[in-house]
Amino acid sequence: MKITIDHHRIEAKEGMTVMEAAAAAGIVIPAMCHIAGVHNHPSCMVCLVKDIGRNQFIPSCSCLVEDEMLIQTHSPEIRELRREALELLLSDHVGDCEAPCQRSCPAHMDIPRMNRLIAQNRLQEALDLVREEIALPWILGYICPAPCEKACRRGTIDLPVSVCLLKRITAEDDSRRGNNLLIKVPRTGKRVAIIGTGPAGLSAAFYLLRSGHGCTLFDQHSDPGGMLRSHIPEERLPRHVLDAEIDVIRNMGAEFRMSARIDDRRFEETLLHDFNALILATGNEEQKILHDFGLILDEEGIRVSRTTFGATHPGIFACGTPASKNQMAVRSVAQGKNAARSADHFLRTGKPHGPLKKFNSSFGILRETEFETYLVEGSRDKRTEPAGGLRSGFTIGEAIREAARCMHCDCRRQEDCKLRNYAGEYQAHQKRFIGPERKMITKVSGHPMVVYESEKCIKCGLCVAITSREKEPIGLSYIGRGFDVRINVPLKGSILEALTRTAEKVVQSCPTGALAWKSK
Ligand code: SF4
Ligand code: SF4
Ligand code: SF4
């Protein structure tokens, strides 16, 4: 047979689906509920294409090719239909891609995953994870007002998880072991000047060094730390903690030039000529000079792009206090990181780049009737108070106990969930077709490794087909009728009995987070 897809003439075999014929010719059609070799129900409709001859939209994963078919896979109209299909799926989808704590952390730290690692006494891995987003975890473990704890779901049941102290112990434990951070990436030979050694400047240096760039930090004061040293008293932030985290950055290769005033001559002769990029992360003193060099100032300070932190002058970035005043240290730390990532992108490609915003499903408030469901994955212990007081923080035993209270509100497929990825790509809105009443959340967690959350299921039937093909004695099945149909274990069996040999295959095949590994 000969068919035409997007103006390409393609040989196709009888019995092939349109999607298979397209794939054989290297044309990728998006799909959620289809994987090669497994029978599925076309339920997501993201694979819609247009049969031009019939002037119809068809699901390409199930429609078979016909001779001289004329198929179009991309157009604004098709894009809109796919977006609508996604929005319909999302309208009764109940789940949080990212946990509320992570969404409310200005540095976007992956808190539930940190908690899982701490609960398993894997503190080094927990610290590595924390440092993906927070350069100064020990310092912030003392001074952060913890907006994440205000958003913590556990707070609706009893008291929030003590996230801030948990983060603190990962860094404290590391310092007890005397570890030094080694930089494993090749050096780029590029040099960045950072003006200011407060939380934003230190954070920017940390991430630039990790990307292989050289960093020199300038500060008019004699000791680094900026507002962390000048505005926060020793009682709140012990100086050995501040010095230790600055030493981590020094040991990574940062050069500190203290008691250095940046005047016009120095700015032009030294900074602009000797460095490949410049990050301003300090108070207001340098702003006049910046103005002289064409940087636009307003009453808020230097004007920079809100997303890339790039100023009007290429290669100059601003974060922390000059970009916006009176902010939490964690916000400065986050801005320093984002400015560093944008500067890194600029140094590699010539263009700054802001952080990517991903789609986030969220269901809002946990109902009282759902407390039991959520507590299935968290210990019922009361919030752990450190026996030695707040300043001493947790012992490792206390930290393990407290981390176990986390209820894992995040979705453990958030990185590879096709629904999330396509919702982002097609800019779908979750609330467009939302009904008046959301479904009640269920978590089936009787399997040691797998958790099943039916309200995230799109009823593609892949898991049903796999458990049947692999001859599971019980397996999974469609239960109920019409709108109320759901996937579950038949005959009131347990999920452990349903997935005796197919756990890995069904988790891998599920296009959403309905079936996921617990430990992710
Ligand atoms: S299943 Fe996908 S879209 Fe739903 S909460 Fe999980 S990651 Fe987000
Ligand atoms: S219970 Fe855990 S995952 Fe849920 S919001 Fe609190 S810290 Fe985050
Ligand atoms: S649990 Fe996953 S694989 Fe099974 S029907 Fe639902 S979405 Fe499809």
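Sort out which residues of the stretch 468-506 are open to solvent by less than 20 Å² (accessible area, probe 1.4 Å) and within 9 Å of ligand 3 (Cβ to nearest atom), and write them in order of number. Once the filter is applied, which keeps residues that are open to solvent by less than 20 Å² (accessible area, probe 1.4 Å) and within 9 Å of ligand 3 (Cβ to nearest atom), the stretch 468-506 yields Leu476, Ile487, Val506.
Could you tell me whether the stretch 404-419 includes any residue that is at pLDDT 95 or above, under 22 Å from the mean Cα position of the chain (by Cα) and open to solvent by 60 Å² or more (accessible area, probe 1.4 Å)? Looking through the stretch 404-419, at least one residue is at pLDDT 95 or above, under 22 Å from the mean Cα position of the chain (by Cα) and open to solvent by 60 Å² or more (accessible area, probe 1.4 Å). Condition check for Arg405 on (1) in a loop (DSSP other than H, G, I, E, B); (2) more than 16 Å from ligand 2 (Cβ to nearest atom): one failure, at (2). For the stretch 195-219, the tally of residues that are of a type in the set (A, V, I, L, M), in contact with an Asp or Glu (Cβ under 9 Å, 6 or more places away or on another chain) and in contact (Cβ under 8 Å) with a residue 60 or more places away in the chain stands at 3.
Does Gly513 fit the bill of being buried (at least 19 other Cβ atoms within 10 Å of the Cβ) and within 16 Å of ligand 2 (Cβ to nearest atom)? It is true that Gly513 is buried (at least 19 other Cβ atoms within 10 Å of the Cβ) and within 16 Å of ligand 2 (Cβ to nearest atom).
The set of residues in the stretch 130-152 being assigned to a helix (DSSP H, G or I), open to solvent by 10 Å² or more (accessible area, probe 1.4 Å) and hydrophobic (A, V, I, L, M, F, W, C) consists of Trp138, Ile143, Cys148, Ala151. Of the helices (runs of 4 or more DSSP H) contained entirely in the stretch 159-242, those carrying at least 2 residues that are under 24 Å from Asn276 (Cα atoms) and not assigned by TED's automatic domain parsing to the domain that holds Leu390 fall at 199-210. Scanning the stretch 244-264 for residues that are of a type outside the set (Val, Ile, Thr), outside any loop (DSSP other than H, G, I, E, B) and in contact (Cβ under 8 Å) with a residue 12 or more places away in the chain returns Ala244, Glu245, Asn251, Glu255, Phe256, Arg257, Asp264.
Enumerate the strands (runs of 3 or more DSSP E) found wholly within the stretch 469-520, keeping only those where 3 or more residues are out of contact with any Asp or Glu (no Cβ under 7 Å at 6 or more places or on another chain) and in contact (Cβ under 8 Å) with a residue 12 or more places away in the chain. I'd like the intermediate steps shown before the answer.
Working: elements: 477-479, 486-488, 515-517.
So the answer is 486-488, 515-517.
Per-residue answers, yes or no, for (1) polar (S, T, N, Q); (2) crowded, with 19+ Cβ neighbours inside 10 Å; (3) closer than 29 Å to Asp263 by Cα; (4) over 23 Å from the mean Cα position of the chain (by Cα):
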{"position": "Arg154", "(1), (2), (3), (4)": "no, yes, no, no"}
{"position": "Val163", "(1), (2), (3), (4)": "no, yes, no, no"}
{"position": "Ala171", "(1), (2), (3), (4)": "no, yes, no, no"}
{"position": "Ile194", "(1), (2), (3), (4)": "no, yes, yes, yes"}
{"position": "Pro199", "(1), (2), (3), (4)": "no, yes, yes, no"}
{"position": "Ala204", "(1), (2), (3), (4)": "no, yes, yes, no"}
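Met449 passes every criterion in (1) under 25 Å from Val506 (Cβ atoms); (2) touching a Lys or Arg at 6+ places or on another chain (Cβ under 7 Å); (3) open to solvent by less than 60 Å² (accessible area, probe 1.4 Å) apart from (3). Counting only strands (runs of 3 or more DSSP E) that fall entirely inside the stretch 4-62 and contain at least 1 residues that are in contact with a strand residue (DSSP E or B) (Cβ under 6 Å, 6 or more places away or on another chain), modelled with pLDDT of 95 or more and under 23 Å from Tyr426 (Cβ atoms), the qualifying elements are 48-51, 56-59.
Being in contact (Cβ under 8 Å) with a residue 60 or more places away in the chain, among the polar types (S, T, N, Q), part of a loop (DSSP other than H, G, I, E, B) and away from ligand 3 (no atom under 16 Å from the Cβ) narrows it down to one residue among Asn121, Asn115; which is it? The conditions single out Asn121.
The values are calculated or read from the model by the stated rules, or taken from the named source; none is laboratory data. What you see is a predicted model; the values in this text were computed from it and never measured. For neighbour counting, all protein chains shown are included, and Cβ atoms are generated from backbone atoms with ideal geometry for every residue, glycine included. Surface areas here come from the heavy atoms of the whole protein model, side chains and all, with no ligands, DNA or RNA. Shrake-Rupley method; radii C 1.70, N 1.55, O 1.52, S 1.80 Å.
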